[in-house]
Amino acid sequence: MTANTNDAPVEGVSPTPVKDRVVIFDTTMRDGEQAPGASMSLEEKLELAKILEDMGVDVIEAGFPIASNGDFESVRRVAEIVTESTVCGLARASAADIERAGEAVRPAKRGRIHTFISTSPSHRDHILRMTPEEVIEQITGSVTLARNLCGDVEWSAQDATRTERDVLRRCVEAAIRAGAGTINVPDTVGYSYPTEYGEIFRDLIENVPGADGVIFSAHCHNDLGLAVANSLAAVEAGARQVECAVNGLGERAGNAALEEIVMALRVRGDRLLFDTRIDTQQITRASRYVSAITGFPVQFNKAIVGKNAFAHESGIHQDGMLKDRGTYEIMQPTDVGQGGTNLVMGKHSGRHAFREKLKGFGYELGANALNDAFTRFKELADKKKDVYDDDIIALVDDALARGAERISVKRLRVVAGTDGPQQAELTVTIDGAERSATATGDGPVDAVFNAIRLVVPHTAALRLFQVHAVTEGTDAQAQVSVRLEDGGHIATGLAADTDTLVASAKAYVNALNSLITRQEKTRPPVAQASGF
């Protein structure tokens, strides 16, 4: 779209350019969920929707309604509870898809149908078996139908960056003529590079009739590690919407990371004259919640939200930081809702200090949840000499990641060592009743999991077992992620404890609790969306 005009200059004062606003389109619940193993429950999606709305996300793509009854229900429920953000549902270029998406977003105060079709020679020849003319006919029909069902329609050219430029222009023109208000030009396979991607947008904006009346959008995958750079290049070239995901979640190497896009626009406002509506202090909260519910840990050196993003170990860096923070930090941890990593809390800390610490991390807990977290914090403080910020975060994330606790670990005793077989004695509570079992295994973790299978018989397969230390030292908490799959349903359990085996048992049981809940509330998928 055309840039905003500047305010009239005041005599003797240099005018400040009025910044164009970039629309932030979050696809964590749709494209992000398509990352293998990242499936989210309805309750998790509703909570994430609230977090994204609080953060100021403009458009929330809540799912692909035709994919399953569960996905349809997720989009519909998000549409019912979100009032500030636009709620979007994805649809292929077919009447069934579009009508299903229209039905799902109908309760929204602001709804959008997002329909797409492939345009590149590779996709036309091998997937669609269509000529360019047939694709254009499909675009016209699908966008027209969507526009009749919803006042806000977005159209995407899947694999746009590998599409012949003249064909892409004709496709975009057809979508605009049919009523699309947003045109998405996705780098579906992460193939493009910044100067090339920016040039595609300039060409379309300058040469397609009606381009000045729509918003152009960038949707970049990270296969070459260029998703954020490509997205920013698109903005400089005229795009005014960026499609991204929290933590860069998405198929293959993921999507452009929301937090990196937003903070790049904010920190480099001297060169990128664009604003967003995002409350950046909510970024870390969103990042940690997505990591907790998907079981996808955030790498320590991840930009903006990583554990080490604001950590300084080098003596030279520490000296500079003590003299002036600006020597080695281009933004403050508080800008993105990160707490300091060197503040220590221990067993003598009070409830008020604990509550304020949680607020600094972006957590607002109710009275009961706060009491539970504080009790567990005190128990941890009795076990550890020092309790670091990351310990507290792991403790709270552990609680948030737990589903309805029909099953809970009451007691665990493990015999391990070189003289096998290793043995686990386990007692759990199931709907208030205790059940115990003893099992052996090839190692202590295997013995623990075998004991759980005895007390809670099930057919779920273990797809992921992952352990990492939350902080340094031999008394560090172990944070364990367990992912189970049963009948197409996938659930992830997360738990933290100073005893790795206890954390492993709790994580497995948490995954079982989530799996039970998910099996009760979802049905098998009937279609699978293609990622952009």
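When the criteria are applied in full, Val172 fails the requirement of being among the β-branched types (Val, Ile, Thr), buried (at least 24 other Cβ atoms within 10 Å of the Cβ) and more than 22 Å from Leu232 (Cα to Cα).
Among all residues of the stretch 301-320, there is at least one that is surrounded by fewer than 22 Cβ atoms within 10 Å (Cβ to Cβ), touching a His at 6+ places or on another chain (Cβ under 9 Å) and modelled with pLDDT under 90.
Listed conditions (1) assigned to a loop (DSSP other than H, G, I, E, B); (2) crowded, with 18+ Cβ neighbours inside 10 Å are all met by Lys506, apart from (1). Among the residues of the stretch 454-499, the ones that are more than 26 Å from the chain's Cα centre (by Cα), surrounded by 17 or more Cβ atoms within 10 Å (Cβ to Cβ) and either charged (D, E, K, R) or in a helix (DSSP H, G or I) (or both) come to 1 in all. Filtered by the rule that a residue be modelled with pLDDT of 95 or more, over 15 Å from Phe361 (Cα atoms) and crowded, with 19+ Cβ neighbours inside 10 Å, the stretch 275-300 gives Thr276, Ile278.
Going by the conditions given, is Ala424 farther than 30 Å from Asn308 by Cβ, surrounded by fewer than 18 Cβ atoms within 10 Å (Cβ to Cβ) and out of contact with any Phe, Trp or Tyr (no Cβ under 6 Å at 6 or more places or on another chain)? In short, no.
Considering the stretch 379-416, the residues that are of a type outside the set (A, V, I, L, M, F, W, C), at pLDDT 75 or above and touching a helix residue (DSSP H, G or I) at 6+ places or on another chain (Cβ under 9 Å) include one that is farthest from Ala495 (Cα to Cα), namely Arg406. Could you grab me the full set of residues in the stretch 210-228 that are farther than 20 Å from Thr188 by Cβ and touching a Lys or Arg at 6+ places or on another chain (Cβ under 8 Å)? The answer is Gly210, and nothing else. Among residues of the stretch 213-238 that are touching a residue at least 24 places away in the same chain (Cβ under 8 Å), those with a beta-carbon under 7 Å from a residue that is among the basic types (Lys, Arg) and not in a strand (DSSP E or B) at least six positions away or on a different chain give the pairs Ile215/Arg240; Phe216/Arg240; His221/Arg252; Asp223/Arg252; Ala237/Arg202; Gly238/Arg202.
Here is a yes/no grid of residues against (1) among the hydroxyl-bearing types (Ser, Thr, Tyr); (2) touching a strand residue (DSSP E or B) at 6+ places or on another chain (Cβ under 9 Å); (3) not assigned by TED's automatic domain parsing to the domain that holds Ile278:
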| position | (1), (2), (3) |
| --- | --- |
| Ser68 | yes, no, no |
| Ser74 | yes, yes, no |
| Ala79 | no, yes, no |
| Cys88 | no, yes, no |
| Ala93 | no, yes, no |
| Arg100 | no, yes, no |
| Ile127 | no, yes, no |
| Val135 | no, yes, no |
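Taken as a whole, the condition of being farther than 23 Å from Ala229 by Cβ and among the polar types (S, T, N, Q) does not apply to Asn184. Within the stretch 69-87, is even one residue closer than 28 Å to Gly141 by Cβ and either assigned to a loop (DSSP other than H, G, I, E, B) or free of Cβ contacts under 8 Å to residues at least 12 places away in the same chain (or both)? So far as the stretch 69-87 goes, no, none of its residues is closer than 28 Å to Gly141 by Cβ and either assigned to a loop (DSSP other than H, G, I, E, B) or free of Cβ contacts under 8 Å to residues at least 12 places away in the same chain (or both). When the stretch 226-252 is filtered for residues that are surrounded by fewer than 22 Cβ atoms within 10 Å (Cβ to Cβ) and in contact with a Leu (Cβ under 8 Å, 6 or more places away or on another chain), only Glu236 remains. Could you say whether any residue in the stretch 430-449 is assigned to a strand (DSSP E or B) and surrounded by 17 or more Cβ atoms within 10 Å (Cβ to Cβ)? Among the residues of the stretch 430-449, at least one is assigned to a strand (DSSP E or B) and surrounded by 17 or more Cβ atoms within 10 Å (Cβ to Cβ), which makes the answer yes. The residues of the stretch 151-169 that are surrounded by fewer than 20 Cβ atoms within 10 Å (Cβ to Cβ) and either touching a Phe, Trp or Tyr at 6+ places or on another chain (Cβ under 8 Å) or not assigned by TED's automatic domain parsing to the domain that holds Val228 (or both) amount to a single one, Arg162. Of the residues making up the stretch 152-164, none is within 19 Å of Ile60 (Cα to Cα), under 31 Å from the mean Cα position of the chain (by Cα), without any contact (Cβ under 8 Å) to a residue 60 or more places away in the chain and part of a helix (DSSP H, G or I). Of all residues in the stretch 123-148, exactly one satisfies the criterion of being without any contact (Cβ under 8 Å) to a residue 24 or more places away in the chain and either surrounded by 20 or more Cβ atoms within 10 Å (Cβ to Cβ) or among the aromatic types (Phe, Trp, Tyr) (or both), namely Arg124. Of all residues in the stretch 180-200, those satisfying the criterion of being over 27 Å from the mean Cα position of the chain (by Cα) and surrounded by fewer than 19 Cβ atoms within 10 Å (Cβ to Cβ) are Thr195, Glu196, Glu199.
Residue pairs whose Cβ atoms lie under 9 Å apart, sitting 6 or more positions apart in sequence or on different chains, and linking a residue in the stretch 285-301 that is among the acidic types (Asp, Glu) to a partner that is at pLDDT below 90 and not in a loop (DSSP other than H, G, I, E, B), do not occur here.
The values are calculated or read from the model by the stated rules, or taken from the named source; none is laboratory data. None of these values were measured; they are calculated from a predicted model. For neighbour counting, all protein chains shown are included, and Cβ atoms are generated from backbone atoms with ideal geometry for every residue, glycine included.
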